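Below: one structure, written as structure tokens.
Just so you know, all these numbers are worked out from the coordinates, no wet-lab data involved. These numbers were taken from a predicted model, which means no experiment stands behind them. Here the Cβ positions follow ideal geometry from the backbone for every residue, glycine too, while neighbour counts run over all protein chains shown.
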Amino acid sequence: MAAVAGRVPAPSASGRTPLWRDVRVLRILLQVAVVVGVAALLNYLYGNLVTNLRSTGLSPGYGFLRQPYGVDIPGSDFRPGQSVRDALAVGFANTLRVAGVGILLATVIGIAVGVGRLSTNLLVRRSAALYVETLRNIPVFLIIFFMFTVVIQGLLPPITEAIEVLGITVFSNRGLYIPFLEAQANVGVFTAVTGLGLMAAIVVMAWRTRRSDATGAPHHRVLWGLGVLAGVVVVGYLALDQPVALTVPSREGRAVTGGLEVNPSYAALLIGLVIYTASHIAEVVRGSIQSVAKGQGEAATAIGLTAFQRLRHVILPQAFRVMIPPLANQYLNLTKNSSLAVAIGYFEITRVTTSVIGNAAPAPQGFSVLMLLYLILSLGISLVANLVNRRLRIGTR
Amino acid sequence: MTAVATQEYVAPPPADPTPGGFRRDPRTWLRKNLFDSPASSVLTVVFGVLLAYLLYRAARYVFVTGRWEFIRVQLISFMVGPNFFAGGGTLPRLWTALYLLSTLAGVTAGVSAARGRAAGLRETLRRAAPALLGLAVVLSFTRTLTPTLLALGAIAAFLVVRLAVGRLPLTLTRRAWVLQVVLFVAAVWVLTRFQGGAWDSWGGLLLTVFVAAAAIVASFPLGVLLALGRRSSFPAIRPICVGYIELIRGVPLISLLFVGQFALGFFFPPGATRPGNIARAIIMITLFTGAYTAEIVRGGLQSVPAGQTEAAKAIGLSPLRTTAVIVLPQALRNVIPALVGQFISLLKDTTLLTIIGVQELLGVSQLALSGDFRGQLLAPEAFAFVAFLFWVLCYSMSRASQRLEGRLGVGVR
């Protein structure tokens, strides 16, 4: 607590504290001074902004959002005639695409490496340590840049000599094509049916848990849940006459048909972000597993749990609770680092915004929109992390 | 509950599962560590082959196939930037600054030694190994012997100063920070004043380290003030600090650098001289790091027990003195490792200056690949060299921070 209450003032002749030594008055004065100072500074900056915008002939409002964007966005059906606002929406979706897939992959790799660092096998332990200590100490931008200029642009062959692994991929410096699901008729209904199946699975899992709590019989809720989901999906798939089909890319000369095209910039950005963030997540995972008191593991062994049971029921539940805040931090970092795509030409929000600014839109407003979008993303991730955190805490302590 | 808000979660290094104290014969050791179970044996074989192949390829690249003459030609650009000499910089100035900095490092190490935290020779060598390796690699690219001799001289200066300061009485070493500040300012002056080159002509490693150091020094007071404001009991000041911290922490650094580059000029009064490229970048990085430093310091403030404040009040200290003399010193000591972690990530973040056209280490590698070298596919060599330099800097610092963590007992409850 900083600067709270002052020395007890000596009573003056009249028995009352003079105003200039009264702590309550001083506190209010200080706060008023700070608030007025900050407000004056902001007002001054805003005044300068308006004057400067006028003198350079830029409009002080946000009218530029309705102007046409004027450029194509690769990898989307965006037309140059559409507005800046639509371009930002496409950019936002692209940011989410990188951040979502990146978070998923980085978590998987990070957990594997983090657990690997605690392996009893010396070689596995050392390999994981090598991975972490190398990648953690190199700037993420360097990694992304390296992936783009050296690996994607330098190592991948031209389209006529594309790498075709097992005949199902087409990797070239033009683009990466991988097999993917392709929507046929009825795909909307099928998605809805899958959603219903998911809900049914959750209800069944809850029911199994309740039953297990009441009777003590083993619940097997994961098995039951997956079974229900699989049943619904299979029935839906057959009833709706194959709403999704597998599409495999094939190359003839310079043309590629089918498959999912992955933009080379996207691939470079994703790989760079994932391998860098995974090295940090690995440290988080290792730290939280080690933070579980040693006696817990020993006690689990003493009551006869197997190694797997010990990990599943004793160590991991406790480690997971410690893990969430730093893990959320890493997810935030990954999302914010996706802005580095600006240097390698993947059109996420930062790239879109800079090209808008380059197109004579006023810079202060343009960047304020960009920062607002990132704030929304960050607050969203923090919110989810806090919810999970609270849920895990309730009833356990 | 100590909630130290660090950007980077630094955990203590893994304990070696093989207990020391008694020696095992090699066969038992092999069994225990590599062939404990069938699954473990499979892993050993798979990882052994993978690791051996990786190391073979890496060694082959470093010693046989890599075209490192390119680094030799461009070494000066990597170290101080391509425009350093054109901007008025000279080699003697550079070396003088380097000697001043090595004296500074000597004073710092000496102060630490005087407080009885000195390590033995073997331990010191082990700690300095990554830095010495980096220095050796850089020197191996020089064309004459002079830089090597001068560098050895700098190391000697470091050692002499360290020994000398280590012998000084504690009352004097407490004032050593004055000397440290003077030495740092002198090093910058030697490079910039007296018709020297301006910052804007700097580049390469020099710029990377300078921007990081300037930003951390400038952001520290900002961070402490914000943290105190956020923890204070002033209902009107708290939301201002919270708003600033959360706003800055919610956006990526590159967006702030763009603001500095393209929008900051709009906020200056019309007709005022606007700061240069690098100064603007330092301003924005300072504003950015200030918010993160504030969260770290806040963690430190929360870790100081309430009894300390109460005791200070009981002996009649004013609130200001309580904060300055009792709470802050303890809080800051607790968060030194986290601050080092922040410094590491700041150093790595300076690579973003490339995006706004400032030629720091990574930017130089881009420049070196154009012109005469275009189309020779030398990018891997340039990236490898830059990555290696960053690795040496960051790894040394993260090691130092882990050591501090152990010594201060942070994280041990």
Gyration tensor (Cα only) of the range A:131-276 to equivalent ellipsoid, semi-axes in Å sorted down, yields 41, 26, 11
Computed on Cα atoms, the radius of gyration and Dmax of the range A:255-295 in angstrom are 18.1, 62
Residue by residue through the range A:198-210, what is 3J(HN,Hα) from phi via Karplus (6.51 cos²θ - 1.76 cosθ + 1.60, θ = phi - 60°)? Round to whole Hz and write x for glycine and proline. 4, 5, 4, 4, 5, 4, 4, 5, 4, 5, 4, 4, 4
Rounded to the nearest 20 debye, what is the charge dipole size of the protein assembly as shown about its Cα centre when +1 sits on each Lys and Arg Cβ and -1 on each Asp and Glu Cβ? 3000 debye
Are there any trypsin sites (Lys or Arg not before Pro) in the range A:55-155 that are in a DSSP loop and have at most 10 other Cβ atoms within 10 Å? List them by number. none
Place a point 7 Å from Cα of A:A239 in the direction of its Cβ. Which residues in the range A:175-215 have their backbone N less than 14 Å from it? A:189-198, A:200
In nm, spacing of pseudo-spin labels at B:V325 and A:A206 (7 Å Cα→C-beta vector): 6.1 nm
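Show me the ranking of peptides B:256-269, A:337-350, B:153-166, B:378-391 by mean Cβ neighbours inside 10 Å, starting with the highest. Each step should come with its number before you reach the end.
Details: B:256-269: 19.4, A:337-350: 24.6, B:153-166: 16.9, B:378-391: 21.2.
Top of the packing list down: A:337-350, B:378-391, B:256-269, B:153-166.
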Residues whose built amide H sits under 5 Å from the amide H of A:V244, excluding neighbours closer than 5 in sequence, are A:Q184
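About its Cα centre, what dipole magnitude does the range B:42-183 give when the only charges are +1 on Lys and Arg Cβ and -1 on Asp and Glu Cβ, stated in debye to the nearest 20?
Working: 15 positive and 2 negative charges, 66 e Å.
The calculation lands at about 320 debye.
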Calculated FRET efficiency, A:A255 and A:L226, Cβ-Cβ r, R0 30 Å, to nearest 0.05? 0.15
When you look at the Cβ of every residue in A:369-376, what mean number of other chain Cβ atoms sits within 10 Å? 4
Determine the principal axes of the Cα atoms in the range B:242-333, then give the extent along each, sorted from largest to smallest and rounded to whole angstroms. 54, 27, 21
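What's the exposure ranking of A:V356, A:V233, going from fewest to most Cβ atoms within 10 Å?
Working: A:V356 27, A:V233 15.
Lowest to highest Cβ neighbour count: A:V233, A:V356.
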The set of residues whose placed amide H lies less than 5 Å from the amide H of A:V262, leaving out same-chain residues fewer than 5 positions away, is A:L176, A:Y177, A:I178
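Taking R0 as 22 Å, what FRET efficiency do you get between B:D372 and A:Q153 from their Cβ-Cβ distance, rounded to the nearest 0.05? Could the numbers behind the result be given before it?
Working: r = 20 Å, r/R0 = 0.92.
Given R0 = 22 Å and the Cβ-Cβ separation, E is 0.65.
Ranked by Cβ crowding within 10 angstrom, fewest neighbours first, how are B:W68, B:W29 ordered?
Ascending number of Cβ neighbours within 10 Å: B:W29, B:W68.
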Provide the per-residue ³J(HN,Hα) series for the range B:43-60, in order, calculated from phi with Karplus coefficients 6.51, -1.76, 1.60 and θ = phi - 60°, each as a whole number of Hz, with x at glycine and proline positions. 4, 4, 5, 4, 5, x, 4, 4, 5, 4, 4, 4, 5, 4, 5, 5, 5, 4
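With a ≥ b ≥ c taken as the square roots of the eigenvalues of the C-alpha gyration tensor of the range B:281-406, please select rounded if a/c is under 1.5 and otherwise prolate if a/b is larger than b/c or oblate if it is not? Working shown, then result.
On the way: a/c = 5.87, a/b = 2.81, b/c = 2.09.
Prolate.
How high is the FRET efficiency from A:R16 to A:R391, r the C-beta distance, R0 45 Å, rounded to 0.05? Numbers along the way, then the final one.
Numbers: r = 54 Å, r/R0 = 1.21.
Once the sixth-power term is evaluated, E becomes 0.25.
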What residues qualify as long-range amide H neighbours of A:D22, i.e. H under 5 Å apart, gap of 5 or more or another chain, H built at 1.01 Å from N? none
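Quickly estimate the mean residue ellipticity at 222 nm for chain A, helices only: each DSSP H run with n ≥ 4 gives -39500 (n - 2.57), and the total goes over all residues, rounded to 500. Write down the numbers at each step before the final one.
Details: 11 runs with 235 residues, N = 397.
Calculated at 222 nm, the ellipticity per residue is -20500 deg cm²/dmol.
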Paramagnetic reach from A:L30 in the range B:224-249 [backbone N under 14 Å; point 7 Å along Cα→Cβ]: B:225-238
If you average 1/r over all unlike Cα pairs in the protein assembly as shown and invert the result, what Kirkwood radius do you get in angstrom? 30.4 Å
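Would the range A:20-178 count as rounded, prolate or oblate if I go by the C-alpha gyration tensor, calling it rounded below 1.5 in a/c and otherwise prolate when a/b exceeds b/c, oblate otherwise?
Working: a/c = 3.42, a/b = 1.43, b/c = 2.39.
It comes out oblate by the Cα gyration axes.
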Prolate/oblate/rounded label for chain A (Cα gyration tensor, a/c 1.5): oblate
If unit charges are put on Cβ atoms (+1 for Lys and Arg, -1 for Asp and Glu) and the dipole of the protein assembly as shown is taken about its Cα centre, the option from A:L370, A:L273, A:A217 lying farthest towards the positive end turns out to be A:A217
Where labels lie 7 Å past Cα in the beta-carbon direction, separation of B:E246 and A:A217 in nm: 4.9 nm
Quick check on the exposure proxy: order B:E360, B:E69 from fewest to most C-beta atoms within 10 angstrom. B:E69, B:E360
Determine ³J(HN,Hα), in whole Hz, for all residues of the range A:133-140 in sequence, where each value follows from phi through the Karplus function 6.51 cos²θ - 1.76 cosθ + 1.60 and θ = phi - 60°; x replaces Gly and Pro. 5, 6, 6, 5, 9, 10, x, 5
Dipole magnitude (debye, nearest 20) for the range B:202-372, charges at Cβ of Lys, Arg, Asp, Glu: 560 debye
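Beyond 12 Å, what share of the Cα-Cα pairs of the range B:22-70 is found? Please give it as a whole percent. Don't skip to the answer; put the middle values down first.
Details: 834 of 1176 pairs.
Across the range B:22-70, Cα pairs with separations above 12 Å total 71 percent.
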Sorting B:S255, B:T323, B:W202 by the position of each Cα along the dipole of the range B:202-372 (Lys, Arg +1; Asp, Glu -1; all at Cβ), the one nearest the positive end of that ordering is B:T323
Cβ-based charge dipole, the protein assembly as shown, positive-most Cα from B:F158, A:Y331, B:A218: B:F158
With each label point set 7 Å from Cα along the Cα-Cβ vector, what nm distance links A:Y46 and B:V217? 3.6 nm
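Taking chain B, how much of its Cα-Cα pair set, in percent, is spaced more than 41 angstrom apart?
On the way: 21860 of 85078 pairs.
Value for chain B (Cα pairs over 41 Å): 26 percent.
Mind checking the range B:192-281 for trypsin sites (Lys or Arg not before Pro) that DSSP puts in a loop (not H, G, I, E or B) and that have at most 14 other Cβ atoms within 10 Å? Don't skip to the answer; put the middle values down first.
Working: sites: B:R193, B:R230, B:R231, B:R249, B:R280; in loops: B:R193.
In loop regions of the range B:192-281 (DSSP not H, G, I, E or B), the sparsely surrounded trypsin sites (Lys or Arg not before Pro) are B:R193.
Starting from the alpha-carbon convex hull of the range B:202-372, give the projected area averaged over all orientations, in nm². Walk me through the numbers on the way to the answer.
Details: hull surface 49.2 nm².
In nm², the orientation-averaged hull projection of the range B:202-372 is 12.3.
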